[in-house]
Amino acid sequence: MVGFGESFFSAFAVFLKATNLQLALLGSLPLSIGSILQLSSEKLLNFFGSRKKFVAVSVLLQALTYIPIMLVFLFSTLNVYHIIFFVSLYFIFGMISSTAWSSWMGELVSQDERGYYFSKRNSIAGFISFFSLLIAGYILQRFIGNPETQFKGFVIIFTLALLFRLMSLVYLLRKYEPVYRKTKDDDNGFINFLYKAKERDYGILILFLCFMNFSVFIAAPFFAAYMLYDLKLTYIEYTIVLAGAVISKNISMPVWGRAIDKYGNRKILTLAGFLMPLVSLLWLFSEHVIYLVFIQIFSGFIWAGFELSTFSSFFDKLMPNKIPKYVSYSNVLNGIALLIGAFLGGLIVKYNSFFWSKYHAVFLISAFLRYLVSFIFIPKLREGREVTSVTYPRLLLNLVTGITTRGLVYDVAVFGRKNVSKFKKRNFP
C-alpha cells in the first residue's frame, strides 16, 4: 500500500498541476484531520468493544478510499481539492484506529524484545515497500506521455495499493487479540493533560514531538515539488531518490532496534535528534541525482532511529491500556503542529525571493528549527529503564559497523529462524 500508493500521492498532485499551497495542504491537512479525530478513538474503541474489530473496519474503509483517489482525474477543474479530500479520508481511516493497534501490539510484544521486534517488523515491511516503490516508478515511466496515458499508470499503481491493503486485512484478522481491560478513567482530559504536560516525562516527549513535527513540516510537503518542478526529475529518477531512504531505513532498522534494547530510548533519540536536522540542510548544496540519493540514504538511516526510539518510548512510559488515550493526545497536537508548519512553509515558498530556488528557504529554516527543538527538549527527557552506558561516538560506530556487517538479507533470514521458535513457545490461544 505504501510503495504503490502513499509514496505517490504528491506526485499525483503534481501531475494534476497542484500549486505549492495545495501541495502544502495535501501534505499536512489529511494528517492533521486524522490526528485530531483520534480524540474520538477511545469512544470508538468502547463502541466496537475490541481492538481487532476496530482496526479491521478502519483498514477496510482505508483500502476503499483508493477508488475515488484514482478517479479524481475525471473530476474537472477541482480535481486537486478532490484528492485532498479523499486523501484526508484515507488518513482518517488509517490513523483513527492506530492508538488501538498500538495498545494491541503493546500487549503482544514483551518489553525486553520490543526494539528488536518492531525493528524487524518495520524492516520487513519496508523491504517490501522498497521493491513496490521501484515497480511503481517503472510503471509510471512506462505510461509517460499525454495526460490520459499518464493517468492509466496512476490507476494501475493505486489499484495495486488497494489490493495489497485488502490482503493485509486478511492477516490482521488472523492475529490473536488479548482481552482489552479498561481501567478506571484517570480524569486527565485533554485540557488538563496540556496543563500538566511539562511536569511529566511522557508529556515532555509529546511536546518534543509536537514542536519537531512543526519544524519538519515547514519543508516536508515540498521535497516532491522541488524534485519534479525545479529539478525536472523523471519518474524513474524521482523513485530512485525516494528509494534511497527506504532501503537505508530497512537495512538500519534492526541495528537501531538492538541498540534501543541495549542502550535505551533516550540515548538513541538524542543521537538521532541531533543528526536529523542535517537532512534538510544537505538539500541546499547540490541538484545532482546521485547526491540526492546519498542524502536520502543518510535520511533513512537517521529517521529509522528517530521513529523507532520515539515509538518505543511510549511503551516504556505508559501502560498498554493507557496508550490509546495519550497517543491520541500526542497525535492531535502533532496534527495541529504539522498543519501550521506546512501552511507557514507554503507562505515562505510563495513569497521567498532570497534564493535561486523558492524551496531552499524552507529547507534552511526547517533545519534551524529542528536543531532548536532538539537543544531545548532532549536534555529534559529521562530513560525509563536500566540500560548499558555508552558514549555517542561509540554508539554511532556500533551502529555503522552493525549495518555494514549485518545487512538486510542476513537480518531477515535470522529473524525467520530465531523468532518462529520463540513465538511457538508462547501460550497465546
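A few comments on the model shown:
- Scanning region 105-156 for residues that are of a type in the set (Lys, Arg) and within 22 Å of the chain's Cα centre (by Cα) yields 114, 120, 121.
- Within region 147-200, being among the basic types (Lys, Arg), at pLDDT below 80 and not in a helix (DSSP H, G or I) holds for 181, 182, 184, 200.
- The set of residues from region 19-58 being surrounded by fewer than 23 Cβ atoms within 10 Å (Cβ to Cβ), of a type in the set (A, V, I, L, M) and either closer than 15 Å to residue 223 by Cα or touching a Gly at 6+ places or on another chain (Cβ under 8 Å) (or both) comprises 21, 33, 36.
- Taken together, the residues in region 246-304 that are of a type outside the set (S, T, N, Q), without any contact (Cβ under 8 Å) to a residue 40 or more places away in the chain and touching a Leu at 6+ places or on another chain (Cβ under 8 Å) amount to 1.
- When region 119-142 is filtered for residues that are over 19 Å from residue 87 (Cβ atoms), crowded, with 18+ Cβ neighbours inside 10 Å and of a type outside the set (Val, Ile, Thr), the ones remaining, listed by number, are 119, 120, 122, 123, 126, 127, 130, 134, 137.
- Any hit, region 165-177, residues being more than 30 Å from residue 259 (Cβ to Cβ) and among the aromatic types (Phe, Trp, Tyr): no
- Filtered by the rule that a residue be assigned to a helix (DSSP H, G or I) and touching a helix residue (DSSP H, G or I) at 6+ places or on another chain (Cβ under 8 Å), region 348-367 gives 348, 349, 350, 361, 362, 363, 364, 365, 366, 367.
- Looking only at residues of region 72-95 that are of a type in the set (A, V, I, L, M) and in contact with a Phe, Trp or Tyr (Cβ under 9 Å, 6 or more places away or on another chain), we find that the one that is nearest to residue 148 (Cα to Cα) is 74.
- When restricted to residues that are small (Gly, Ala, Ser), buried (at least 18 other Cβ atoms within 10 Å of the Cβ) and under 15 Å from residue 262 (Cβ atoms), region 348-401 contains 1.
- All positions within region 229-240 that are β-branched (Val, Ile, Thr) and buried (at least 22 other Cβ atoms within 10 Å of the Cβ): 239
Here is a yes/no grid of residues against (1) of a type in the set (A, V, I, L, M); (2) closer than 21 Å to residue 341 by Cα:
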| position | (1), (2) |
| --- | --- |
| 12 | no, no |
| 33 | yes, yes |
| 38 | no, yes |
| 51 | no, no |
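- Among the residues of region 197-228, the ones that are out of contact with any helix residue (DSSP H, G or I) (no Cβ under 7 Å at 6 or more places or on another chain) and either surrounded by fewer than 18 Cβ atoms within 10 Å (Cβ to Cβ) or farther than 17 Å from residue 6 by Cβ (or both) come to 3 in all.
- Number of residues in region 1-22 that are modelled with pLDDT of 85 or more, in a helix (DSSP H, G or I) and either more than 14 Å from residue 66 (Cα to Cα) or not acidic (Asp, Glu) (or both) equals 10.
- A single member of 123, 88, 119, 102 is among the small types (Gly, Ala, Ser), assigned to a helix (DSSP H, G or I) and more than 23 Å from residue 331 (Cα to Cα), and it is 123.
- Qualifying residue in region 159-173 (condition: in contact (Cβ under 8 Å) with a residue 40 or more places away in the chain, touching a Lys or Arg at 6+ places or on another chain (Cβ under 9 Å) and within 18 Å of residue 62 (Cβ to Cβ)): yes
The values are calculated or read from the model by the stated rules, or taken from the named source; none is laboratory data. Quantities reported herein were computed from a predicted structural model and do not represent experimental measurements. Neighbour counts run over all protein chains shown; Cβ positions are idealised from the backbone, glycine included.
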